[in-house]
Structure formats: structure tokens, C-alpha cells
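The values are calculated or read from the model by the stated rules, or taken from the named source; none is laboratory data. From a predicted model like this one, the values you see are computed outputs, not experimental measurements. Because the Cβ atoms are built from the backbone with ideal geometry, glycine has one as well, and the counts that use them run over all protein chains shown.
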Amino acid sequence: MEIKRIMVIGAGFMGSGIAQVMAAAGHEVVLGDTAEEFIARGRSAIAKNLAGQVAKGKLSEADREVLIGRIKPTTELASAHGCDLIIEAIVENKQAKLDLFRQLEEICPPQVIFASNTSSIPITELATATRRPDKFAGMHFFSPVPVMKLVEIIRGLKTSDATIRVIRDLTDRIGKIGVSVKDGPGFLVNRVNAALRNEVYNCLAEGVATIEDIDKALKFGLGHPMGPFELGDFVGLDIGLAVAETLWDNFKDPKWRPSLLLKKLVASGDLGRKTGKGWYDYSGGEKKTRTDISL
């Protein structure tokens, strides 16, 4: 099956990035969300990313216009009917994803492939919302999508070999590196990352080091491009908590128990860069140490 037209549902940070890389590879892309303002924000993020490439000489202005022209915005889920592949990139909430795929099942012809960009929810569980589990797979990108090369390709219990081949071929065509991952909570990278983050939270709680020094230690000692607290703020603390809760709910192992401090920050609405505060304070336009975080 040849993938020509792709619908990305969810115009947030991840969804807009996925739309950008698909359009850059020559695909027609429908970028969908529930409100015009969300789509406008996503398109603005794409335009900003591409403007940066033009400024660096990596993309011509003419090519930028062509690329943007390949991305068609919509608030109508019915637009999925004319697409070959649907990539879901909405909030990391199992029920919301199940509800969406139930709607898509009634809209899309039976040959259409469904893929989820979920960070941690098992693909086999999400596929139960459809009558096409053989055409359902995980396609987990990493942020920022235009920069990060990795895509986890996750096979659900009933995902067919043909579907995996289509997803892998598409991953190759958009210039990403695909790794095959067995279905399970957190998949591979986020499962490892969650274990690292939980140990980082333990070190913070025990007073081993400050947030700032832990970030420095992992950057300069382990070669990570960003420290775990910086990365958490960049991705969104709500997403990090959702991954932790998925692991905890599925394994019931104490090592996966979500951090109480992380839960406190999310409950307060401090989700990282997107809200102006997370582990750090960005409200003044630059990253600063917070003095009001207590364990």
C-alpha cells in the first residue's frame, strides 16, 4: 500500500512536528484538531521552524511555501475519510484516544491504517476501539519531531506484517530511524527514561543534589543533550506524569510509583515551558531557578 495522503490528528507540539516532517517528505497532510485556535497555533509553530531553516540556508523561501501549502488544516474529523494513514497525536489519555479511534472507525474505509503516537499506552489496548487491529500500529516520534531521528515502531498483538512494512517504509522515506519495539507500557525509550527520572526524583528528595546540579551532572557526565528536569519541562510535565501513571497502573511495581512532587506541580498547572513554570521558571522569558518548590 502506498501512503500519499496523511491525516495528523492533534495540532500541538508533537502533531505539528509530525505534520511538518510528513509534508517535507512530499506527502499531502491534513492537520486536524478540535478548534481553529489550536490549528493556528500548530501552523504558527511549523512556520517558525521553517523560517529558521530558511534563515540558516537549509531551505529556500519557495520550498518553504510549497511545504506549508501541503498542510491543510481542518476541524472536521470527516476529513479522515480521504486519507491513507491516520496518525493520532492527541492528549496522552487512554479514554480520549479510544473515543477518537471509535469515531475514526466509522469514518474511514477498511483499508486505512491507524497509527498512534502515544508515549506509553499499549497499542493492543488502543486497537480494541476498532475493527481493524491488523491495520493498527504504534508510530512513536520524539520531540522535537523535526530534529529527533528516532521513531519507535510498535506492533500490537494483531498488527499485520503488511502494516508494519508500510509504517517502516514511511519512516525510512521521511528520513527517520525506525526501531521495532514489542508492545508494552512505555515501550522502550520512555520505559528506560521513566526509570531514570524516578531515580532522579529520589536523588532530589534525598538531598543528593539540586535540580540544577542534577541536570548538569547528566549533561556533562553522561553526555545527555538536556538534563532530566530541563527535558521534562520541554516535553511537558503532564506528559511525563501520564507515562509514569501508565507504567504504575500496568506493573504495580513500587519502582514505577509517580513522584509526589511531580504530581503536585501538574496539579498546580505548572507543566513546564508551555505554562511558564515547571521545574524551572520561564515566566520572565528565560530559564531561572525556582525557589518555591518544596518536597
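Applying a threshold of 9 Å to beta carbon distances and a minimum spacing of six or more residues, or different chains, the list of pairs starting in region 250-269 at a residue that is under 15 Å from Tyr280 (Cβ atoms) and touching a residue at least 40 places away in the same chain (Cβ under 8 Å) and ending at one that is of a type in the set (D, E, K, R) and part of a helix (DSSP H, G or I) reads Leu262/Arg197.
Of all residues in region 56-109, exactly one satisfies the criterion of being modelled with pLDDT under 95 and under 22 Å from Val166 (Cα atoms), namely Gly82. Just checking, which of Gln111, Gln95 is in a helix (DSSP H, G or I) and polar (S, T, N, Q)? One residue alone meets the criteria, Gln95.
In summary, Pro133 fulfils each of the numbered conditions (1) over 26 Å from Asp238 (Cβ atoms); (2) surrounded by fewer than 16 Cβ atoms within 10 Å (Cβ to Cβ) with the single exception of condition (2).
Report yes if Glu212 is under 26 Å from Gly12 (Cβ atoms), among the acidic types (Asp, Glu) and surrounded by 14 or more Cβ atoms within 10 Å (Cβ to Cβ), otherwise no.
Numbers: under 26 Å from Gly12 (Cβ atoms): no; among the acidic types (Asp, Glu): yes; surrounded by 14 or more Cβ atoms within 10 Å (Cβ to Cβ): yes.
So Glu212 fails the test.
Listed by position, the helices (runs of 4 or more DSSP H) contained in region 222-295 that have at least 3 residues being among the acidic types (Asp, Glu) are 237-251. Of the residues making up region 135-193, those that are among the aromatic types (Phe, Trp, Tyr) and under 12 Å from the mean Cα position of the chain (by Cα) number 2. Scan region 110-137 and report the pairs whose first residue is under 15 Å from Ser160 (Cα atoms) and without any contact (Cβ under 8 Å) to a residue 40 or more places away in the chain and whose second residue is acidic (Asp, Glu) and assigned to a loop (DSSP other than H, G, I, E, B), with Cβ atoms within less than 7 Å and a gap of 6+ or a chain change. Listed by first residue and then by second, the contacts come to Val112/Asp84.
Go through region 273-295 and report how many residues are surrounded by 12 or more Cβ atoms within 10 Å (Cβ to Cβ), closer than 18 Å to Ile214 by Cα and not aliphatic (A, V, I, L, M). Give the steps one after another, and end with the answer.
Narrowing region 273-295 to residues surrounded by 12 or more Cβ atoms within 10 Å (Cβ to Cβ): 273-282, 287-288, 290, 293.
With the extra rule that they be closer than 18 Å to Ile214 by Cα, the set shrinks to 278-281, 287-288, 290, 293.
In the following step, the residues that additionally are not aliphatic (A, V, I, L, M) were identified as 278-281, 287-288, 290.
Counting residues in region 273-295 that are surrounded by 12 or more Cβ atoms within 10 Å (Cβ to Cβ), closer than 18 Å to Ile214 by Cα and not aliphatic (A, V, I, L, M) gives 7.
Hey, among the residues in region 236-272 that are of a type in the set (Gly, Ala, Ser) and surrounded by 14 or more Cβ atoms within 10 Å (Cβ to Cβ), which one's farthest from His140 (Cα to Cα)? Break it down into steps so the answer makes sense when it comes.
Let us first name the residues in region 236-272 that are of a type in the set (Gly, Ala, Ser), namely 236, 240, 242, 244, 259, 267-269, 272.
Next, only the ones that are surrounded by 14 or more Cβ atoms within 10 Å (Cβ to Cβ) stay: 236, 240, 242, 244, 259, 272.
Values: Gly236: 16, Gly240: 15, Ala242: 15, Ala244: 17, Ser259: 24, Gly272: 21 Å.
Checking each candidate, the answer is Ser259.
Residue-by-condition table, conditions (1) free of Cβ contacts under 8 Å to residues at least 60 places away in the same chain; (2) farther than 16 Å from Pro146 by Cα; (3) buried (at least 18 other Cβ atoms within 10 Å of the Cβ):
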position	(1), (2), (3)
Gly32	yes, yes, yes
Glu36	yes, yes, no
Ala40	yes, yes, no
Asp84	no, yes, yes
